[in-house]
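S.K.: My structure is below; once you've seen it, I'll send some questions.
The values are calculated or read from the model by the stated rules, or taken from the named source; none is laboratory data. Bear in mind the structure is a predicted one, so any value in this text is a computation, not a measurement. Here the Cβ positions follow ideal geometry from the backbone for every residue, glycine too, while neighbour counts run over all protein chains shown.
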Amino acid sequence: MLLFCPTCGNALRINEGTVGLHFACNTCPYIYNVPRKISKRSYLKLKELDDVLGGSAAWKNVDSTEERCPKCSHPYAYFMQIQTRSADEPMTTFYKCCNQQCGHNWRE
């Protein structure tokens, strides 16, 4: 917590006095005694993230291939390729298990 002096406008520093804590100004004799414990908690609102893969709609029109699921060993998986890095790097292949009970996602 940062308080400013009402007299000269400088930032107040916190000192420990004989009675307890107080805010004091460096340039003028202003002192503000702290009568009780001061605390304030504020939570930041997290930014909403966009789904870079397009969400569930991205998997509607994809093909399947013979790729074994590492989780349930189903022999087929849906796949799509997206350029996630610079143009001179190969595309990233994303897989989704064809088994409806599994639905595991992975990438290569």
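S.K.: Only one residue in Ser73, Ser39, Ser64 is touching a residue at least 24 places away in the same chain (Cβ under 8 Å) and among the polar types (S, T, N, Q). Which one?
M.R.: After ruling out the rest, the residue left standing is Ser64.
S.K.: Something else about it: Which pairs have Cβ atoms under 7 Å, sit 6 or more apart or on different chains, and link a residue in the range 8-25 that is under 13 Å from Arg36 (Cα atoms) to one that is surrounded by 13 or more Cβ atoms within 10 Å (Cβ to Cβ) and at pLDDT 90 or above?
M.R.: Taking only residues 6 or more apart or on different chains, the pairs are Phe23/Leu12.
S.K.: Quick check on the range 66-90: of everything there that is surrounded by 11 or more Cβ atoms within 10 Å (Cβ to Cβ) and at pLDDT below 90, which residue is nearest to the chain's Cα centre (by Cα)?
M.R.: Across the range 66-90, the extreme among qualifying residues is Thr84.
S.K.: Do the conditions hold for Ala57, that is, is it in contact with a Ser or Thr (Cβ under 7 Å, 6 or more places away or on another chain) and either aliphatic (A, V, I, L, M) or at pLDDT below 85 (or both)?
M.R.: Here the answer is no, as Ala57 does not meet what is asked.
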